[in-house]
Each structure stands twice: as structure tokens, then as C-alpha cells.
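Here is the structure we will look at.
Each value in this text was obtained by applying a stated rule to the coordinates, not by laboratory testing. Everything numeric here is computed off the predicted structure, so don't read it as measured data. Glycine gets a Cβ as well: all are built from the backbone with ideal geometry, and neighbour counts include every protein chain shown.
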Amino acid sequence: MDIQVKDILLMKKAHPCGGREWDVLRIGMDFRLRCRNCGREMMIPRSKAEKAIKSIVRQTEE
């Protein structure tokens, strides 16, 4: 998958706060994601994250 920093990920399952959208802060073997609803940050392995992604929204340069 081609995921870049500043993309917005729509996940299959919702976070406990109810949000499904996550900002990508860092990429590599692990992803650092921030919930757009509550602001919680988490690190998740790339393999697990790629299975949980429903769609990717590209953040356009402004």
C-alpha cells in the first residue's frame, strides 16, 4: 500500500471514542496514527494497519 505522512486513513473498525478516521504522523515498520476524533496517538505495526484500512484519503498540498 502507498501510504504517506499527512494521509487520512478510514479504518474498518471504530476507535472506542467512535472515530474511524486517523491521521498518519509517521511511517516505517510501524505507523504512528492520531485519532481525528479524540486526539489519541498510537503506534501500530504496518502489517496490522494495512489489514485494518478501509480506504485512504490523500491530503492535498495547499
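222 nm [θ] for the chain, helices only, -39500 (n - 2.57) per DSSP H run of 4+, per residue, to 500?
-3000 deg cm²/dmol
With +1 on each Lys and Arg Cβ and -1 on each Asp and Glu Cβ, and nothing else charged, work out how big the dipole of the chain is about its Cα centre, in Debye to the nearest 20.
340
Using the number of other C-beta atoms within 10 angstrom as an exposure proxy, rank 2, 7 with the fewest first.
So the residues, fewest neighbours to most, are 2, 7.
Where does the charge balance sit around residue 8 when Lys and Arg score +1, Asp and Glu -1, over other residues with C-beta under 13 Å from its C-beta?
Cβ neighbours under 13 Å give a net charge of +3.
Please check the chain for the longest run free of trypsin sites (Lys or Arg not before Pro) that are loop-located per DSSP (anything but H, G, I, E, B) and have at most 11 other Cβ atoms within 10 Å.
That would be 14-57.
Pick out, from 22, 52, 38, the residue whose Cα sits farthest towards the positive end of the charge dipole of region 13-62, with +1 on the Cβ of Lys and Arg and -1 on the Cβ of Asp and Glu.
52
List the residues, sorted by chain then number, that are 5 or more residues from residue 31 or on another chain and whose placed amide H is less than 5 Å from its amide H.
For residue 31, whose amide H was placed from the backbone, the distant partners under 5 Å are 44, 46.
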